[in-house]
Amino acid sequence: MRGGVCVVAVAAGLTLTAGASAIDSTIVPGRGIGNVKLGMTLPQVERVLGKDHIVNTETIVDDARYRELAWNFSTWTVGFLRRGFDWRVVQVETTLSPQRTASGIGVSSPFKRVVKNYPHVFCNGIYSTWGPNYTRRWETSLILVDRSAFTAFAVKPSTYGDGKSTWRVYAVIVQQAVPGHTSLTPSSYRCSPGWRERGRP
């Protein structure tokens, strides 16, 4: 992700890491993606994805330092909040199609299939940065709330510029609710009436 909660991360010339086991695992809404889970430390994540990463962004959230790292050409991004001496995972994002939930939802899944499998999702926008000076992104996300965590299925038209084409997931984000940051919480942005049946915003 760009700047914290962006759906599109800054690309870089990285080589694939040896942590392929994470790519073969499942998206668990409200918990994590693959073998990367909310609450893990930086060394634990590096054991899964490797140490070959770049820093996408750094900022302050509710008096705590936030840092987002990217792996494998930014197909994986992980956000960490520093608490005491430890950096702990508060956000995980993937743009890899093999990553799926137990019901088969992931990148490239149709908008309507997400709604069918998760009838309690709400339609909302997301933010591109963490901290008080956040920036609004208007890309649509179908958001599932699981206690103190959020799972966002970011969607866009499968044909660029054609809003009437099939809308599909292009990124999945699992994020812990953090004081001082409102990325995936409800806002004034809403899809127009009938979005569930229509399968697009």
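Structure notes:
- Paramagnetic label zone (point 7 Å from Cα along Cα-to-C-beta, Thr41; backbone N under 20 Å) in the stretch 72-91: 78-91
- Relative contact order computed over the stretch 139-181 (Cα-Cα under 8 Å; 6+ residues apart), in percent: 36 percent
- Potential lengthening between Phe73 and Lys164 on full extension [0.36 nm per residue; Cα-Cα distance subtracted]: 29.8 nm
- Cβ-derived FRET efficiency at R0 30 Å, Asp146 paired with Asp63, nearest 0.05: 0.70
- Full-extension gain in nm, Arg196 to Lys112, via 0.36 nm per residue minus C-alpha separation: 29.5 nm
- Candidate cross-link partners of Lys37 among the lysines, defined by an alpha-carbon separation under 28 Å and a same-chain spacing of 8 or more, comprise Lys51, Lys112, Lys116, Lys156.
Each value in this text was obtained by applying a stated rule to the coordinates, not by laboratory testing. Note that the structure is a prediction, hence the values are computed from the model and not measured. Cβ atoms come from the backbone with ideal geometry, glycine included; neighbour counts cover every protein chain shown.
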